[in-house]
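Scroll down for the structure; my scribbles are underneath it.
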Amino acid sequence: MKTLEQIYLDILLEGKYDNETWIQYDTYKGIELYVRRDGHLQRRLKERYSGLSQAMTKAFIVIKKLIKEELKNPKSILVVNDKSEFSFTVVGEDSGICLSGRFKKNAGEWRCCISTALPSEDAHHSGNDIFRIVKA
């Protein structure tokens, strides 16, 4: 049974990430995928990838490929579980879509919050991010 302190921390963590900012979009391999409620991701995809039909669908293919590859890697942060959150930047090699976001653990389960679409050329990412290029 959980201690009172652990229950309290779980409630705080849930409150921090389940608010007016994020909405669950999908789930993949047990990881919940979230986007901002304000439509930021959709606007950035339209702005930066206007010639790419079905950019939102392709963006989620890139994210799912990232998750699939990370779960296969025994040294991945998603597998090792030594952190409760980390940021990422991922580029879909085939689609050219570049996404940035954060994985956050909530009550022992991972969430993937996709923050924005970066420009396909000259995209900069934080040195704190994990950076991956995936075939998608």
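Just so you know, all these numbers are worked out from the coordinates, no wet-lab data involved. Model, not experiment: these values are computed from the prediction. All Cβ positions, glycine included, derive from the backbone under ideal geometry; neighbour counts span all protein chains shown.
Numbers below:
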item	result
Residue satisfying all of: in the range 54-84; within 23 Å of Ile97 (Cα to Cα) and of a type in the set (Asp, Glu); surrounded by the most Cβ atoms within 10 Å (Cβ to Cβ) among these	Glu70
The range 85-105 - residue that is within 15 Å of Lys65 (Cβ to Cβ) and of a type in the set (Gly, Ala, Ser) and, of those, surrounded by the most Cβ atoms within 10 Å (Cβ to Cβ)	Gly101
Matching residues, the range 26-46, being without any contact (Cβ under 8 Å) to a residue 60 or more places away in the chain and either of a type in the set (S, T, N, Q) or under 15 Å from Ser115 (Cα atoms) (or both)	Asp26, Thr27, Arg37, Asp38, Gly39, Gln42, Arg43, Lys46
Lone unmet requirement of (1) touching a Ser or Thr at 6+ places or on another chain (Cβ under 8 Å); (2) without any contact (Cβ under 8 Å) to a residue 24 or more places away in the chain; (3) not β-branched (Val, Ile, Thr) for Ser115	(2)
Helices (runs of 4 or more DSSP H) contained entirely in the range 29-101, each with at least 1 residues that are closer than 15 Å to Ala136 by Cβ and of a type in the set (Val, Ile, Thr)	55-72
Total residues in the range 102-136, condition outside any strand (DSSP E or B) and over 20 Å from Asp26 (Cα atoms)	12
Matching option when the condition is within 11 Å of the chain's Cα centre (by Cα) and either under 21 Å from Asn128 (Cβ atoms) or of a type in the set (A, V, I, L, M, F, W, C) (or both), among Val91, Val62, Val80	Val62
